[in-house]
Amino acid sequence: MYVKSLLFCFLFFSIQAYSQLLEHDKDFRAADSLLKEHSFSVHRDNYFLTGVPLNEPITRNSADVKYQISFKQRLTGKPWVGGFFPYLMYTQKAFWDIYASSKPFSEINFNPGVAIVRPFYIKGGRLTYGTISFEHESNGRDSIYSRTWNMLAFSLKSQISPRWTVGIRGWIPFVDKDDNPGLTKYVGYGEASATYQIKPGRWSADVLFRKGSGLLNYGSLQTQVNWKPYKNENYYLTLQWFVGYTESLIDYQEHKSMLRIGFTIKPENMGIF
């Protein structure tokens, strides 16, 4: 309860601080940043990666393929009252033991949600998205293999310079503690992200840090380097490293360290969170 109170206070003061920095006369330009996208568009990264563990022996059962499909649908062509745009979102992340004998899928995580997004500019012409979303995540299984939780999330994402985009996201988790003991401790209450354009249009680097509820334990770090081989296309070659917990829901209590390489399709703009 103490952590939730801190989260609410942090979000409140963050919104208050941002409200002092808004450039209200540029609201129409901020809305254009969403309207110039197709109503149906890429949400999070879409990727197909294969890799090996760094903290255990490499075998046919420990190497795998991870892929993600993620899209969003803007529901209106004009903002609602207050300048908000409504969205439907869906992300599906799968772990495929493609090198094992029978090539089974070890885990599939489903993540649908709804969101309202408020685009605005802060001082200096920095495009920023404020988002409130309600999301569900589960692995679609039953009995002792069932993993499921819901969240009410709040985020701010801002293009603070031509090369840097940063974001912060906090959530209130709703977890069935009988089926998922300790899951809240591992998914935590928030995450921070950053993208740096090493060579705009060709090279970029992403970092995503998720904080678990422990002081130093239970979080995760995902870093990746992306190279666009063709300037006019929207796919990248990606090298990704994940270390920590909750890469997948089924083994959220296990510490993982995976190095993967493959292809990624990114959102055309900076993404809503």
Which one is farthest from Ile172 (Cα to Cα), of the residues in region 212-233 that are modelled with pLDDT under 90 and surrounded by 16 or more Cβ atoms within 10 Å (Cβ to Cβ)?
Tyr218
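I'm checking my understanding of the structure. Among residues of region 196-211 that are open to solvent by 50 Å² or more (accessible area, probe 1.4 Å) and not in a strand (DSSP E or B), which one is nearest to Arg260 (Cα to Cα)? It would help to see each step written out before you state the result.
Within region 196-211, the first condition is being open to solvent by 50 Å² or more (accessible area, probe 1.4 Å), and the residues that meet it are 196-200, 202-203, 207-209, 211.
If we keep only those that are not in a strand (DSSP E or B) as well, we get 200, 202.
Numbers: Pro200: 23, Arg202: 20 Å.
Ranking the candidates gives Arg202 first.
Could you say which residue among Ile160, Ile132, Ile168 is more than 20 Å from Tyr245 (Cα to Cα), in contact with a Lys or Arg (Cβ under 9 Å, 6 or more places away or on another chain), open to solvent by 70 Å² or more (accessible area, probe 1.4 Å) and of a type outside the set (Asp, Glu)?
Result: Ile160 is the single residue among Ile160, Ile132, Ile168 that is more than 20 Å from Tyr245 (Cα to Cα), in contact with a Lys or Arg (Cβ under 9 Å, 6 or more places away or on another chain), open to solvent by 70 Å² or more (accessible area, probe 1.4 Å) and of a type outside the set (Asp, Glu).
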All but one of (1) part of a strand (DSSP E or B); (2) touching a Leu at 6+ places or on another chain (Cβ under 7 Å) hold for Leu221; state the number of the condition that does not hold.
(2)
Which residues, counting only those in region 128-162, are at pLDDT below 95 and among the basic types (Lys, Arg)?
Arg141, Arg147
From Ile250, Ile272, which residue is of a type in the set (A, V, I, L, M, F, W, C), assigned to a loop (DSSP other than H, G, I, E, B) and buried (at least 19 other Cβ atoms within 10 Å of the Cβ)?
Ile272
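The values are calculated or read from the model by the stated rules, or taken from the named source; none is laboratory data. All values derive from a computational prediction rather than experimental measurement. Here the Cβ is made from the backbone with ideal geometry for all residues, glycine too, and neighbour counts use every protein chain on show. Note: areas computed on protein heavy atoms with side chains; ligands, DNA, RNA excluded. Shrake-Rupley method; radii C 1.70, N 1.55, O 1.52, S 1.80 Å.
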